[in-house]
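The numbers here are math on the coordinates, done by the rules we state, and not lab data. On a predicted model such as this, the values are computed, not experimentally measured, just so you know. With ideal geometry, Cβ positions are generated from the backbone for all residues, glycine too; neighbour counts draw on all protein chains shown.
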Amino acid sequence: MRSLTITEARDRARKVAVDSMTLELDLDAGTTTFGSHTTIRFTALASGDTFVDVQPERLREVTLDGTRLDRALLDEGRFPLRLEPGPHTLAIDAEMAYSHDGEGLHRAVDPADGEAYLYMMSFLDAAPRSFGCFDQPDLKAAYRVRVTAPAAWTVLGNGRATRVAGTEVAATWELAETPPLSTYLVTVVAGPYHSRAAEHDDIRLGLHVKQSLATGLDEDFGELVDVTSKALDRFHQLFGIRYPFGDYHQVFVPGFNAGAMENAGCVTLRDSMIFRGPVPASERTLRAVVIVHEMAHMWFGDLVTMRWWDDLWLNESFAEYMGYRVTDEVTGFTDAWVEFVHRRKPGGLRADQRPSTHPVAGNGAHDARTALQDFDGISYAKGAAVLKQLAAWLGDDVFLAGVRDHLRTHAYGNAELADVLAAWERAGARDLGAWSQAWLREAGADTLRPEGDVVVRTPPEGTATSMRPHAITVHRIAADGTVEEAALQVVSDRTTSPLSATPGALLVPDARDETWAKVRLDAATTALLPDRLGAVHDAVTRGSVWLALRDAFEDAELDPALAVELVCAALTTEDEEVGVQSLAVFATVDVVGRGLGGDREAVARVATALRDRMSSAEPGSGLQLAAARAFAAAADDAAELLAWLDGDVPAGLDMDAEMRWRALHRAARAGLVGGDRIDAEFARDRSNAGQTHAAGCRAALPDLDAKAAAWQLMTRDADVSNHVLYATCESFWWPEQESLTDPYVDRYFTEMPATGAIRQGWVVAEATGEAYPLYAVRRQTLARAGQLIDDPALDSAIRRRLVDGTDDLRRAMAVRDRWLG
């Protein structure tokens, strides 16, 4: 299917205005396909040719104003239309294929009970896999949906579902007509879901999971309703507009590609957010942030939608900022910004330094498929950080007044960058043209480096970026932990700081993580850190320190041996669960895995530090669990983990299904177990999660046959579910297995791009990225990658993932060249 270009979208919007959409779906027609009948009532604004988007398994019939059209005209998902001005009715009757890749109408069977669960993902190019439509964000319409499904199922969607007919076998539901929606926000969810309901402020709240996760939902129902209710109240206060889409459902669905999707009135979320056992508290914080993020989209994205995907920041950056802000303000999860600096911001800063970087706004997405690749750390983390800066710069009153104006002015319609800037200016903002040019229109990150009594600002290398103002807080931390604090406005390339380095003190620029920049620590501070990290008491400040250190390592400015020393020192006192988890990943994957090539001494040091942190944490605490999970991935002696599986468990540690799989994965990677043990564990945990974990364990085995089977699945299996595919790709490469996987490095560059012929959409690029040979840090790998990237026939989504993976590899090579010789 060809991807819609911005030129085609603008042309079609000049010709067509959609009045209403009626969908009739038959979900009781078998296990491979479903019936889809769409009636589109629209007005042609001018005479001429256009097309409707539809991607069927079999096109049964197309009629325009009652006249049957030739089905053979369908070409690559487009059906041509010749129109005369005036009202028209287009009917499309088709047989559609269920998907297993997280897009279109996804069908998953739970191994726990054999029950099937469906959900519709219409996002970016996927809507035509479920129904015929003019698939672009600025052609909004009201939707009425009628669904036939097995009688025992639950049916949900963008409007309230009412059962209107049926027998003991099958039934029909009608969904209430929606306000105007973009195609990508349309969903239907169906299956034997376990449901709980509540009501808050006259809004019906629904929570839904598959039957095998019923206990998890029931246990967390109160927490989920509390987060949802408090966030609703806060958004009503902040935006001055009530939630506009009737009921508010949240469905935790199997096989979801992303974290969640903001379908109006019926949010879909990854079902791993319903916990099957104990989790670190940081996982609950992350879940709360996702819930609040998706709710923010009901205003930013659903009520007011960007006109084209190059302004997707109007959706994602606002939702990301509001997700963290409101979670921190009202839900009780007051470590939200700690999670941001440790988990979200590092990936965003890395993305902003790659060859594929792009501006926050106006990213130049010439077609929808390209736009999909820009749902990244720039659109999310950088955009959120920029908005946080803007709110501080303008003052919250002006910032929010502009937001309210923008939402009221464009409600149920579409908007662009200029529209929101105009709203802020009407609210009293000045000189936003210069600000938006510097922060939203130009890519890359400034570097802020303390030198004596000044902070030096350096623009991104090779650019002439406009002067970006940075409002930051500087901390000077004495040996006893005493903090001196000063605000600093960086408004030139050299700005005098009220606080400068003094002997024996740590100097931390941007100590409250208030801006978007590559921050550097001075040499004296870095030298003190191994002994003084414990004196940095504020969790966000520690996260800001680690953000600076991680970026310095990525730029080959920090010796990997010192990075290992710093991580091990930090783990002795780090009491934030997300801090332990993020430091462990940084140490094991980036520093030891890619930087040091799996050096055994470094592996042992990190493992010992994590084991010690696990032992020193209170038994049964979230901190112990976070350290145990990290240790399971980093252990130097996998036999220790086998002992856990056999009952010799550290006091307080619950060996639930998730913990057992983590231990088994490390044992499989070490070759201490084989396929039989993996099969036995899956028999013990027959769930979608167990199926995914088992696939990862099999791919990790240091065995020729296991690697061959994993490779066959990665490159040839068109029907494998998306999560099993991702787990297999993630677990294929390991530093200690290089001799076993070396023959596959060249095959990766030959065979992975060809998977675009057997798969489509998000899963093609995601699998390409997850399967990148990240530990093959050699010049021949870089050369082979470069050859493929330069191939003009390469799919743009695959090229983007190759460019990103290759940049990571190039950075790892620079670290080795400088520090290992």
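Before moving on, here are some points about what is shown:
- For the range 194-445, share of DSSP beta bridges that run antiparallel, in % to the nearest 5: 40
- Residue 531-residue 649 FRET efficiency (beta carbon distance; Förster radius 41 Å; 0.05 resolution): 0.75
- When each of the peptides 467-476, 107-116, 298-307 is scored by the mean number of other C-beta atoms lying within 10 Å of its residues, the order from highest to lowest reads 298-307, 467-476, 107-116.
- Taking the inverse of the mean reciprocal distance over all distinct Cα pairs, the Kirkwood hydrodynamic radius of the range 584-730 comes to 15.9 Å.
- As a rough footprinting exposure proxy, the listed residues 795, 654 were ranked by other beta carbons within 10 Å of their own, and the order from fewest upward is 654, 795.
- Pairwise label distance in nanometres, residue 615 with residue 565, each label 7 Å out on the Cα-Cβ vector: 2.3
- The share of alpha-carbon pairs in the range 702-821 lying farther apart than 20 Å comes to 40%.
- Using a Förster distance of 45 Å, the FRET efficiency for residue 49-residue 418 (Cβ separation, nearest 0.05): 0.90
- FRET efficiency for residue 704 and residue 639, using Cβ-Cβ distance with R0 set to 22 Å, rounded to 0.05: 0.45
- Between residue 194 and 209, 210, 211, the built amide H atoms are under 5 Å apart, and every one of these is 5 or more places off in sequence or on another chain.
- Solution diffusion estimate, µm²/s, Stokes-Einstein, the range 194-445, Kirkwood Rh from C-alpha pairs, 25 °C, viscosity 0.890 mPa s: 132
- Straightening the chain between residue 817 and residue 782 buys 11.2 nm, computed as 0.36 nm per residue apart minus the Cα-Cα spacing.
- Cβ crowding within 10 Å averaged over residues, with 379-391, 139-151 ranked highest first: 379-391, 139-151
- Helix 523-532 axis, angle to the chain major axis (alpha carbon atoms, nearest 10°): 90
- Karplus (6.51, -1.76, 1.60) ³J(HN,Hα), θ = phi - 60°, over the range 664-677, in Hz, Gly and Pro reported as x: 5, 4, 5, 5, 5, 4, 7, x, 7, 9, x, x, 4, 5
- Size of the range 257-380 as Cα extents on the principal axes (Å, biggest first): 44, 34, 27
- Share antiparallel - DSSP beta bridges, the chain, percent rounded to 5: 80
- Radius of gyration and Dmax over the Cα atoms of the range 271-314, both given in Å: 14.5, 43
- With Cα atoms, 0 to 90° folded angle of helix 560-571 axis to the chain main axis: 80
- Ordering of 440-453, 604-617 by packing [mean C-beta count within 10 Å, highest first]: 604-617, 440-453
- The chain: Rg to Rh, with Rh as the Kirkwood radius over Cα pairs: 0.95
- In the chain, lysine pairs closer than 23 Å at Cα, eight or more apart or cross-chain: 7
- Principal-axis tilt of helix 214-239 within the chain, Cα atoms, nearest 10 degrees: 90
- Stretchable slack from residue 555 to residue 451, in nm (0.36 nm times residue separation minus alpha-carbon distance): 35.6 nm
- Centroid-to-centroid separation of the range 651-683 and the range 288-338 [C-alpha atoms, Å]: 37
- Fully extended contour minus Cα-Cα distance, from residue 575 to residue 679, at 0.36 nm per residue: 33.8 nm
- Taking the inverse of the mean reciprocal distance over all distinct Cα pairs, the Kirkwood hydrodynamic radius of the range 25-144 comes to 15.3 Å.
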